[in-house]
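Data first, discussion second: the structure below is written as structure tokens.
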Amino acid sequence: MADNRKLPAERTAVLTGAGSPRGIGRATAGRLAREGWAVAILDIDGDAAKAAAEEIGAQGVKTIGVAADVSDRESVNAAIQEVESAMPPIFGLVNLAGISSPTEFMAETVEGWDRVFAINMRGTFLVTQRVLTGMIERKMGRIVSISSISAQRGGGTYSKVAYSASKAGILGFTRALAREMGPHNITVNAVAPGPIDTDIMGGTLTEERKAQMSEGIMVGRVGSREEVAALISFLMGEDAGFITAATVDINGGLQVS
Ligand SMILES: NC(=O)c1ccc[n+]([C@@H]2O[C@H](COP(=O)([O-])OP(=O)(O)OC[C@H]3O[C@@H](n4cnc5c(N)ncnc54)[C@H](O)[C@@H]3O)[C@@H](O)[C@H]2O)c1
């Protein structure tokens, strides 16, 4: 296979779940924009997606914000179609859209279980499959999906079994897809964050809650969204072409793999 490591100057990264103002996705979109990517933000909250695109567009890069429910094939197809017609070719995808679930196992319902899997797993499948067509044609791509320390450690944070199982699914998805996509010069990786200071764990974290969560974390604090954004952006970059099928931990030492 040709040693083709170069990303083109004109390239778009699609980020799902990057609307939330204090989320990992928005920070990652900003970081990728600074590193030369045009940025397409897909979020179920269309207003938030558009606001994020506008904010990041102020950095002087091409951006687009599109309302999309990642769990719905029609919605995903329409959103990616819109991105493809307005933006440079898609060379990168970051699967961030996700929901948490604090429901304990014996109280879990089929509806609750299916909702978590529909967004965290099926959403990742649908968006990835849709953008891969173009990446395979162009023989270059970067895919990064967000798992969680919850998958490795068996919960132990805010979310319980359904979330943990869905995020463990991301690891199998990543490894098996990386095997199929390697010959197409497309890398597929996962990152597994520990507790990060965002609003996903039932709202903005208080200082007291952050202190509680910091117990057992070697560096003595929760992580920031910018720290996760920096890791994702490295995996999306040219220097990461020999990293694939990897799960990269970012957890301050809470879990040693
Ligand atoms: N914050 C943490 O501690 C942490 C740790 C490990 C993994 N993660 C993962 O990181 C990702 C980002 O989380 P965050 O902490 O930034 O939370 P967040 O709640 O700020 O972001 C999640 C985003 O996903 C969007 N979303 C939800 N359902 C959607 C759907 N059906 N279609 C499209 N978009 C949808 C939301 O609108 C929101 O913008 C999630 O997958 C989460 O599970 C977070």
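The values are calculated or read from the model by the stated rules, or taken from the named source; none is laboratory data. No experiment lies behind these values; they were computed from the predicted model shown. As a convention, Cβ positions derive from the backbone with ideal geometry for all residues, glycine included, and neighbour counts pool all protein chains shown. Quick note on the areas: whole protein, heavy atoms, side chains included, nothing else; ligands and nucleic acids left out. Shrake-Rupley method; radii C 1.70, N 1.55, O 1.52, S 1.80 Å.
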Checklist line | Tabulated pairs, segment 3-20, first over 12 Å from Met87 (Cβ atoms), second in a loop (DSSP other than H, G, I, E, B) and more than 16 Å from the ligand (Cβ to nearest atom), C-beta under 6 angstrom, 6+ apart or interchain | finding: Asn4/Asn185; Arg5/Gly241
Note to self: Can you tell me how many residues within segment 190-210 are within 18 Å of Thr28 (Cβ to Cβ) and not aliphatic (A, V, I, L, M)?
What the structure shows: 6
Next item on the list: Filter segment 28-52 down to residues that are surrounded by fewer than 24 Cβ atoms within 10 Å (Cβ to Cβ) and in a helix (DSSP H, G or I), then give me how many there are.
Entry: 9
Item checked: Answer from Val110, Val70, Val94, Val116 - the residue that is out of contact with any Lys or Arg (no Cβ under 7 Å at 6 or more places or on another chain), among the aliphatic types (A, V, I, L, M) and free of Cβ contacts under 8 Å to residues at least 40 places away in the same chain -> Val110
Next item on the list: Of all residues in segment 73-91, count the ones that are free of Cβ contacts under 8 Å to residues at least 60 places away in the same chain and either under 13 Å from Ala18 (Cβ atoms) or near the ligand (Cβ under 10 Å from one of its atoms) (or both).
Entry: 3
Check: What residue, among those in segment 189-216 that are within 16 Å of Arg153 (Cα to Cα) and within 12 Å of the ligand (Cβ to nearest atom), is most open to solvent (accessible area, probe 1.4 Å)?
Finding: Met213
Notebook entry, point to check: Do you know which residues across segment 220-257 are open to solvent by less than 30 Å² (accessible area, probe 1.4 Å), without any contact (Cβ under 8 Å) to a residue 40 or more places away in the chain and β-branched (Val, Ile, Thr)?
Noted result: Val222
